[in-house]
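Below is one structure, written out as structure tokens; comments come after it.
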Amino acid sequence: MKMDAEAIRAASPPRLDVAALRRDFPILAERVNGKPLVYLDNAATTQKPASVIDALDAYYRHRNSNVHRGVHTLSQRATDDYETARARIARFIGGVATEEVIYTSGTTGGLNLVAQSYARTVLRQGDDVVVSALEHHSNIVPWQLVCAQTGASLKVVPVNDAGEIEMDAYERLLGPRTKIVAFTHVSNALGTITPIDRVIRLAHEAGAIVVVDGAQAIAHVGVDVRALDCDFYAFSGHKIFGPTGTGVLYGKAAILDAMPPYQGGGDMIRSVTFEKTEYNDLPYKFEAGTPNIAGAIGFGAAIDYVERVGVGAIAAYEDELLAYATRRMEAIPGLRIIGTAAHKAAIVSFTLDGVHAHDVGTILDNEGIAVRAGHHCAMPVMERFGISGTARASFALYNTFDEIDALVAGIERVQRMFG
């Protein structure tokens, strides 16, 4: 096994200076239970480079003020940084107009905004919302809620044994009653990269609009919303090395402009009287209240960091990590990889014979190895594969082949303990 592992690694030399990148992330120097941290839970949240941490610190030390509402210098500085970050994000996802970039609290917030502001106003009894069986709960429950409110029906596209969308079934579900298609770009539970461009094209041919959950895609594959031609695309800052509590909903301007506000309050208005309120222009119409200003600025710093490294280089390196991890883990007796799609992001979900996923996660944690264990907020996916949950290792640009070796050794240690 050791010789085989070394041969795999020799055939896949890193395309990034990973040692240098790791120095950018202070937390990677931490020790957990007396062992060096091996952080393999990037699908849950990514770690933050010093440049992002510094951006947050600089805001609070030198610019702390509310945005858009002050004529004083601190407010103007904060507003400039906040809106500059929006422009960076707009450029990163395909050079869209800044008014099409709505700040949210995360992917979940963006999906709920679409469900309640767009879908609740257009759906009628007899209409269909189509989702896939791969979805995170955040791309299921908002549609269940709005279907209950409007009388529309939720239709589900099945997946095959590899965890891939059954596209023939998808095409059969589309029809004149289909008003909304809501799909993940990358499955958080299995790593499957869906054929989202084809999903969008077929939905548009049927007259439906498309909402894409891009939480797992944004840091791992190049995202160009204009090339995809999706109507909405939601993603989170914390999945791409930015702060938690930040996110973006991209929406086509014409659709956003026709939608009513989701929440009322300050900054989303132009004028208010007791008789009538006039709403603000895009994107502010959907940004009620004091936003997460520091978080947005940190989000912009995270985008800068990823662009400096290069999305293409990141994706290529993570593909190498995924291939290496898959080869090594497939060789472990009693280990079953759940999700073997031909096109995957850097996620490996697995079960181990005779060992509960939570026990796998706990024992690995004793070795300093952080993985996720459970249903990953994707209970229908687990039900499809007849399991209650998996252990999940998910990789990012700072992970190494040595860390995968540590994971494999840890899994083998788990097996010995339960043998």
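FYI, it's all coordinate maths here, none of it is from the lab. Here the structure is a predicted model, which is why all the values come from computation and not from measurement. Methodologically, a virtual Cβ is constructed for each residue, glycine included, from the backbone with ideal geometry; neighbour enumeration extends over all protein chains shown.
Here are the numbers:
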quantity: Centre separation in Å (Cα based) which lies between the stretch 102-144 and the stretch 388-410; calculated: 32 Å
quantity: Shape call, the stretch 152-275: gyration tensor on alpha carbons, a/c limit 1.5; calculated: oblate
quantity: Highest-MSF residue in the chain out of Lys35, Lys179, Lys239 [GNM, Cα springs under 10 Å]; calculated: Lys35
quantity: Cα-based Rg / Dmax (Å) for the stretch 48-94; calculated: 11.8, 34
quantity: Beta bridge orientation in the stretch 52-308: antiparallel %, DSSP, nearest 5; calculated: 45 percent
quantity: For the chain, radius of gyration divided by Kirkwood radius, i.e. Rg to Rh on alpha-carbons; calculated: 0.99
quantity: Value in Å of the Kirkwood radius, where the stretch 285-324 supplies the Cα pairs that are averaged; calculated: 12.5 Å
quantity: For the stretch 338-367 versus the stretch 57-84, the gap between their alpha-carbon centres in whole angstrom; calculated: 44 Å
quantity: Under 20 Å from the Cα of Lys239 - lysines, other chains or at least 8 residues apart; calculated: Lys48, Lys344
quantity: Overall Cα dimensions of the stretch 270-419 - principal axes, largest extent first, Å; calculated: 72, 36, 32
quantity: Paramagnetic label zone (point 7 Å from Cα along Cα-to-C-beta, Glu307; backbone N under 12 Å) in the stretch 82-112; calculated: 84-96
quantity: Nearest-0.05 FRET efficiency for Glu383 and Glu166, computed from C-beta distance (R0 25 Å); calculated: 0.95
